[in-house]
Amino acid sequence: MEKFNAYVDRSFEPEARRLGIKTLEELNQYFEVWLAENYNDKVHAEIRRTPQEAHQSEQAQLRYITPEELRKIFIQRQIRKADNAATVSLGGNLYKVEGFLARKKVELRYDAKDLSCVEVYYNGQQYSNAEPLIIRANVWDGATESATMVPKQDEVTGEKTVQTSFLKLLQEKHEQKLKDKAHRIHYAKLYQKEDEPHV
């Protein structure tokens, strides 16, 4: 991992800085292109093949996690005691739980980025989700400021200058590969027998 990080520092980071990337989304986009076109296509001395080849050869052993499993891993848990009116507070917000849970300690499970859905557990059993009554804290609304990039202009002549970027070239190469892949002809489908089910 340290070798990878050092390689990122030497190869990707200087290019990204030179390009003047303004947003995290743009940085991630260029990083994915750099990985696909530069890092994953080079033969590594230690494994004597490209990371892409190594990944494809071990594809059968990979287990992908479902979004629901991922949500359960990162879910937050808090113990709260419901008051006499069967309400609990969480993150500055007030929620109503089922009436019989009044004056009982309940476990609240929630995504810290979305307090609109709060699951309620008592003695390990799940009950109806907490009903939001008063929402004071607007926890991460998902909005991001869009930064626009302005082309650099020569201060003396006022003309726009064009800078060649390794990352932009990699992006163009990657986009062309995706286009080529999308337009391939699948010959096996052309010769499929009529009585065979179409997949």
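Taken together, the values in this text are just the output of simple stated rules run on the coordinates, not laboratory data. Quick caveat, the model's predicted, so the values are computed rather than measured. Cβ sites come from the backbone with ideal geometry, for glycine too, and all protein chains shown count toward neighbours.
Sort Y39, Y127 by Cβ crowding within 10 Å, fewest neighbours at the top. The partial results should precede the final answer.
Details: Y39 18, Y127 14.
Fewest-to-most ranking of Y39, Y127: Y127, Y39.
Give the calculated FRET efficiency between A112 and R10 to the nearest 0.05, with a Förster radius of 41 Å applied to their Cβ-Cβ distance. Please report the intermediate quantities before stating the final value.
Values: r = 35 Å, r/R0 = 0.86.
According to the calculation, E is roughly 0.70.
Taking the number of other C-beta atoms within 10 Å as the exposure measure, put E13, E98 in order starting with the fewest. Present the calculation step by step, with values, prior to reporting the outcome.
On the way: E13 12, E98 16.
Ascending number of Cβ neighbours within 10 Å: E13, E98.
With the cut-off at 24 Å, tell me which of the pairs K113/K179; K3/K42; K81/K113; K42/K173; K42/K179 have Cα atoms farther apart than that.
Details: K113/K179 36 Å; K3/K42 14 Å; K81/K113 22 Å; K42/K173 15 Å; K42/K179 22 Å.
Long pairs (Cα-Cα over 24 Å): K113/K179.
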